[in-house]
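Below is one structure; the comments refer to it alone.
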Amino acid sequence: MKSEILYPGAFPMVRVDLAAGENIKAESGAMVACSPTIDIESKMEGGFLGALSRKFLTGEKFFFQTLRASRGPGEALLAPTVPGEIVILELDGVNEYMVQKDGFLAGADTIVIESKMQGLSRGLLGGEGFFILKISGKGTLVLNSFGAIHKIELKPDQEYIVDNSHLVAWSSTTSYNIEKATSGWVASFTSGEGFVCRFRGPGLVYIQSRNPGSFGAWIRQFIPVSE
Amino acid sequence: MIPNALCFGDEFPAAGAPCLVQVEEHGLTVNFASDTTDDQSESVPFSSLTVSAGGLDHDQLVVKWAGQKGERTLYLKNPDVIRAFRQAAPDQLSHSFEQAAERVRQVRHRSRLVWGLVGGVFLATVLGLWFQSDLLVEIAVSRIPVEWEQKLGESAYRDFLSHQEVMKEGPAVAALGEMTQRMTAQIPDSPYKFEVTVVKSDVVNAFALPGGYVVVFTGLMKKAESGEEVAGVLSHELNHVLQRHGLERIVKSLGIMTVAAIVFGNQQGLVGMMKQLGVELFTLKFGREQETEADLTGLQLLQRAKIDPSGMITFFERLSEKDEGRMEWLSTHPMSAARADRLKAELAALPKKSPEPFTFDWKQVQASIGSQTVVVP
């Protein structure tokens, strides 16, 4: 599997080259175009219960797509739903990433996707919900974001503070605590930040430059109300 | 080489360098896989290591030492390697290992405790709702728009009427119309538009569906000795609607999920659930408190509409005395002496108003719906 990001920026696509017999998994609905040699199958990753739990717990799609180059080599174009950047990570079998539920776009067949329950305070206040995707294994992983993706590199014990709704993915060697943005409760919310995540290295944290929730709230004021 | 750990250090990428950790007699050997340079390996004696627990869930073993090229941090996850390390480690490390293990246990314990607490609170809430749910049910019901209630009631109502012989006109319909009109005139602020239908059936019953749809069977009208008696039943049923008792029963029987859905705002799913439940509306039994409430408010409504409220009581009493016949109304409205007594007491407490009689003649109304003698063997 070879992948390349086309039109980097707000409206990118990924071109994935598949060798004969190779297959990848992608978010349901991600396929834009593909060679006629490629078959699209929907697959319940992790079995029926796994898919069910993913659907209900993480809000991710019930089915992942499997794109299989069953009749010879070919390519597929994939794109996310929201405008925003795409990033390609290579998992080496030791690295694991936690990915918030909308962040997964595609991945090699060899990567493993699980739903993972977060702790109470993280689930309640972290902004990603109680369930996130844990992605491990070896191979290519394609993530997408809302807005641009920014990578934060943390050295051991280095700390960084991230607004919780800007999180895309973080490596499992990092740890984080949920905190109020400022010392007081009132100021914490009037500052517009509410809760933030204090990350501690080592590891990588991928953040998105836009906050989907705030954008939704902003755009709602322009939507005409029926009646 | 299959890496089993991640090593962090100044010259490594921030995501960590994958490496193969092997436990040997005197320390750890760390092999770095590298595409650009030859495989490097580093041997570290146990004496220079410190261990702790780390990572997102505190489930990884963090090993630190000062290497020749600076501080090194190793994240180990593989349980086999950790076990081997722990067995081979000399005594001076075992204390740190114990601390790390203790920390992991603490984190797990705390997480179990927190989830246990959450589960306990949840369970308590469920049980609380089950047994003492009235307040929450009322909150939930108050959030359901009247239009939904009307839609729900209407669909069940139309469905029911399609299988019944409905009286469209005649003295009985006119009489019930007059009663309804006199009572609804006293509740001008009501969001409900009451629709009262007379159904030809010997069943001695009347019922109200959510949204203001009331059905009175001719059987009940034949049993009544005066218009006031029927008005008493009607007033009782109207008050079931006004107090939204039907919805309360639905919400109660749908349980906590519904309450949660309404209180927390997911109202779309509820419509579907209620639609599915629409068929069940007829089998809903009101609770004892709801009956009492409907009795008392019904009595007050009669009083306001200047309809003689004693009709309600005498009818109830008569129904409870005679046990024969198909007293459907009784099966859903169990009569007890206490109930009638409470109504009498309540009536005595109300200010006396001189009742105004109805304009219709009850005997004529009864004659119009058929024979007066309904004897069911």
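Bear in mind that the values in this text are calculations on the coordinates, not laboratory data. In this text the structure is predicted, and so the values were computed from the model without any measurement. Cβ placement follows ideal geometry from the backbone for every residue including glycine, while neighbour counts extend to all protein chains displayed.
Quick one: order B:VAL365, B:VAL198 by neighbouring beta-carbon count within 10 Å, fewest to most.
Ordered from fewest to most neighbouring Cβ atoms within 10 Å, B:VAL365, B:VAL198 come out as B:VAL365, B:VAL198.
Just to check I understand the Karplus step: with θ = phi - 60° and J = 6.51 cos²θ - 1.76 cosθ + 1.60, what whole-Hz values come out for region B:50-56, glycine and proline as x?
Ordered by residue, 3J(HN,Hα) equals 10, 10, 7, 9, x, x, 4 Hz.
Counting only other chains, what is the mean number of Cβ atoms within 10 angstrom of the Cβ of each residue in peptide B:54-66?
If you average over the peptide's residues, the count of other-chain Cβ atoms is 4.
Just to be sure I understand the model, the point goes 7 Å from the Cα along the line to the Cβ. What's the resulting B:GLU25 to B:HIS95 distance in nm?
The two pseudo-label positions are separated by 2.7 nm.
Taking the Cβ-Cβ separation of B:GLU289 and B:GLU225 as r and a Förster radius of 30 Å, what is the calculated FRET efficiency to the nearest 0.05? Mind dumping the intermediate values first?
Working: r = 29 Å, r/R0 = 0.98.
Efficiency computed from Cβ-Cβ geometry: 0.55.
Distance in nm between label sites at B:VAL166 and B:GLN181, each 7 Å beyond Cα in the beta-carbon direction?
It works out to 2.0 nm between the two label points.
Among A:VAL14, B:VAL114, B:VAL44, B:VAL233, rank each residue by its count of other Cβ atoms within 10 Å, from fewest to most, as a rough exposure measure.
B:VAL114, B:VAL44, A:VAL14, B:VAL233
Test of understanding: ordering B:ASP91, A:ASP157 by Cβ neighbours within 10 Å, fewest first, what list do you get? Walk me through the numbers before you get to the answer.
On the way: B:ASP91 7, A:ASP157 13.
Sorted ascending by nearby Cβ count, the order is B:ASP91, A:ASP157.
Enter the mean number of other protein chain beta carbons within 10 Å of the beta carbon of each residue in A:173-179, as an integer.
Neighbouring Cβ atoms belonging to other protein chains average 3 per residue here.
For B:GLU71 and B:ILE139, what is the calculated FRET efficiency with R₀ set at 60 Å and r taken between the beta-carbons, to the nearest 0.05?
About 0.55, to the nearest 0.05.
According to a simple spin-label model (label point 7 Å from Cα along Cα-to-Cβ), what is the distance in nm between B:ASP361 and B:ALA338?
Inter-label distance under the simple model: 4.4 nm.
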